[in-house]
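Everything on this sheet refers to the single structure shown next.
The values are calculated or read from the model by the stated rules, or taken from the named source; none is laboratory data. Remember, it's a predicted structure, so these values are computed and weren't measured experimentally. Cβ placement follows ideal geometry from the backbone for every residue including glycine, while neighbour counts extend to all protein chains displayed. Remember, those area values only see protein heavy atoms, side chains included, never the ligands or the DNA or RNA. Shrake-Rupley method; radii C 1.70, N 1.55, O 1.52, S 1.80 Å.
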Amino acid sequence: MKHWRKIVAELLGFDRRERRGTFVLALLLALLLLVRVFAFRPDTGHLNNNIISSAQTDEQVAVQAEDSSAALFTFDPNTASHADLLSLGLTERQARTLINYRSSGARFRKPQDLLRVYGIDSATSARLMPWIKIAEKQETAGPVRRNTNPAQAEEPQQEAVAVIANAPIDLNMCTAADLLRLPGIGPVLSERIIRYRSLLGGFVDTGQLSEVYGLDSQLVVLISPMLMLTYDSVTPLMLDSCSFSQMARHPYVGSSTARLISKYRSLMETPVTLGDLVGQKVMSHEQAVRLAPYVRPSPDASGGEYEFILSKVLK
């Protein structure tokens, strides 16, 4: 019995030197754990300052909106000139974007359509919508004449087909077959456009077509006037509740950023905004600007930039 006890003591027992080494190792592990807990704690003070400054910015915007309301007048966004848009308080870029949107074949049918113009934020739209008066299309009245000539009867049908063929294509509602009407777009490119639209959740600008593999930027410029955009079908991205896979598959997020956002959400109790993520260096400013049109803020979130200005899915 003593023999076996001696063997066990030699195999499992610690001498004085080994006990000291074990104690030092345990102390080092405890120090590393403390460093991990306190050194990587999120800067909540910085976040509170951001929220306060954002609230101040919102108040300043509201004051500016009240000051500029004196210069407002009734206008039709389908016919307003560039000078009229500037007089209404739009920036040079916003006015040019609205005119380009109009030139692409799109038409404003109700005041809420102003939200579809890329670059015009919801606050500006809310300020201008009460002043929008859209003129109704004029229809010529007269007696209906019956055409008994078959050759003449075919001409209006051919003109109707030509009008349909030249009508702008809704980039968010079209099929791959519809895209084949565009010059330079074949079956391969049309399928790539539809696949990329699925990954994005919808297009918010025709310039995003240059991100599709194989689409030359010159071709994008050529076909952009033949396209239009509606945002009703754009899939919103909820940073507070979307899953890791939803974020990771988005071309503007990726798996590495999605992992950081998920970790950030687990540490924070407040709603997540793009401004917070940029402030905490979870993502870059450029990345947040590209992603902002797809982000629908949480009802409890507050801020004055990124998704609060650029989002196309606020409804």
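Taken over the range 118-133, residues that are β-branched (Val, Ile, Thr), within 12 Å of residue 309 (Cα to Cα) and outside any helix (DSSP H, G or I) amount to 1. In the set 72, 88, only one residue is modelled with pLDDT of 85 or more and over 21 Å from the mean Cα position of the chain (by Cα); that residue is 88. The helices (runs of 4 or more DSSP H) falling completely within the range 137-244 that include 3 or more residues that are under 15 Å from the mean Cα position of the chain (by Cα) and either modelled with pLDDT under 90 or under 24 Å from residue 291 (Cα atoms) (or both) map to 187-200. Candidates in the range 91-108 are the residues that are outside any helix (DSSP H, G or I) and at pLDDT below 85; of these, the one that is most open to solvent (accessible area, probe 1.4 Å) is 107. Residue count for the range 171-229 satisfying the condition of being open to solvent by 30 Å² or more (accessible area, probe 1.4 Å), in contact with a Lys or Arg (Cβ under 8 Å, 6 or more places away or on another chain), closer than 30 Å to residue 314 by Cα and free of Cβ contacts under 8 Å to residues at least 40 places away in the same chain: 1.
Conditions tested, residue by residue: (1) of a type in the set (A, V, I, L, M); (2) modelled with pLDDT of 90 or more.
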residue	(1), (2)
259	no, yes
263	no, yes
274	yes, yes
292	yes, yes
296	no, no
310	yes, no
313	yes, no
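In the range 112-128, the residues that are in contact (Cβ under 8 Å) with a residue 60 or more places away in the chain reach residues that are surrounded by fewer than 18 Cβ atoms within 10 Å (Cβ to Cβ) and part of a loop (DSSP other than H, G, I, E, B) with C-beta atoms within less than 7 angstrom, at least six apart or across chains, in these pairs: 116/230; 118/205; 122/314. The condition of being buried (at least 19 other Cβ atoms within 10 Å of the Cβ) and aliphatic (A, V, I, L, M) holds for only one of 289, 278, that being 278.
Close Cβ contacts (under 7 Å, 6 or more residues apart or on different chains) running from residues in the range 72-101 that are within 18 Å of residue 228 (Cα to Cα) to residues that are open to solvent by 20 Å² or more (accessible area, probe 1.4 Å) and small (Gly, Ala, Ser) comprise 94/119; 97/119.
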